[in-house]
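Everything on this sheet refers to the single structure shown next.
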Amino acid sequence: RNPTNPHNTPTARRFRLPMPLADVGLRCANPTYVSRIPAHDLNNHCPMTTLIHWFRNDLRLADNPALSHAARQAERVLPVYVHSPADDALTPWGFPRRGAHRRRFLRAALDALHARLLEAGSGLLEIHGRPSDCLPALAVQVGAAGISCEAIAAPEEEAELAALRGGDIPVESVWQSS
């Protein structure tokens with residue numbers, strides 16, 4: 001039995017994307033990563049486009065407009081969550097931005113997202129660092145054409161997105177809150 005394909009289903013629609021483990025401080029539960037959400041059949045020998053989908057606050061699959069948008073734009077989508085040092089920094093009032101309860105909740109949500117992505121033939125890559133540093137480096141390493149994410153109307157999140165857009169990799173954000 002193949003652990004990435006426990007039901008031994010045909011894998012003709014799956015894309016293997018080996019993840020590099022150096023240069024950007026990558027930490028991943030599954031270093032031989034499988035990414036899926038193809039727009040074309042594997043038998044099509046044209047170059048495949050890859051987009052990184054940066055999960056920020058919305059960790060859903062079923063009703064995630066930004067992820068759906070990325071899936072329509074590329075043959076491969078690499079789902080990524082970035083553990084930013086800013087998330088655990090102290091606020092101006094002296095307490096951590098993310099407390100112990102929020103960290104436990106986030107860990108459970110990321111584990112659940114990873115499990116759902118594995119069921120779909122993929123997985124979640126978790127990396128540590130500033131998004132404006134590690135996402136462009138990851139994009140270069142995997143040959144991604146760009147980065148997609150949800151738009152968040154909050155000052156720190158908008159600044160984070162602006163810093164990411166200051167690089168050489170195209171970034172597209174999708175508004176999905178009501």
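Structure notes:
- Amide H within-cut-off set for VAL174, under 5 Å, with H built and near neighbours excluded: CYS149, GLU150, ALA151
- Surface analysis of the stretch 111-178 yields an accessible area of 46 Å² per residue, using protein heavy atoms and a 1.4 Å probe.
- Packing-based order for 90-102, 72-84, using average beta carbon neighbours within 10 Å, highest first: 72-84, 90-102
- Amide hydrogen neighbours beyond the local backbone of HIS83, cut-off 5 Å, H modeled: ILE127, HIS128, GLY129
- Applying the Kirkwood pairwise sum to the alpha-carbon positions of the stretch 128-178 produces a hydrodynamic radius of 11.4 angstrom.
- Alpha-carbon spread of the stretch 67-162, three principal axes, descending order, Å: 45, 29, 24
- Here the stretch 90-178 exposes an accessible surface that is 58 percent carbon and sulfur, computed with a 1.4 Å probe and the other protein chains kept in place.
- Alpha-carbon centroids, the stretch 58-79 and the stretch 145-167: separation in whole Å: 16
- Computed label-point distance, nm, for sites ALA162 and VAL174 using a 7 Å Cα→Cβ extension: 2.5
The values are calculated or read from the model by the stated rules, or taken from the named source; none is laboratory data. Note that the structure is a prediction, hence the values are computed from the model and not measured. A quick note on method: Cβ atoms are made from the backbone with ideal geometry, for glycine too, and the neighbour counts reach across all protein chains shown. SASA here: full protein model, heavy atoms, side chains in, ligands and nucleic acids out. Shrake-Rupley method; radii C 1.70, N 1.55, O 1.52, S 1.80 Å.
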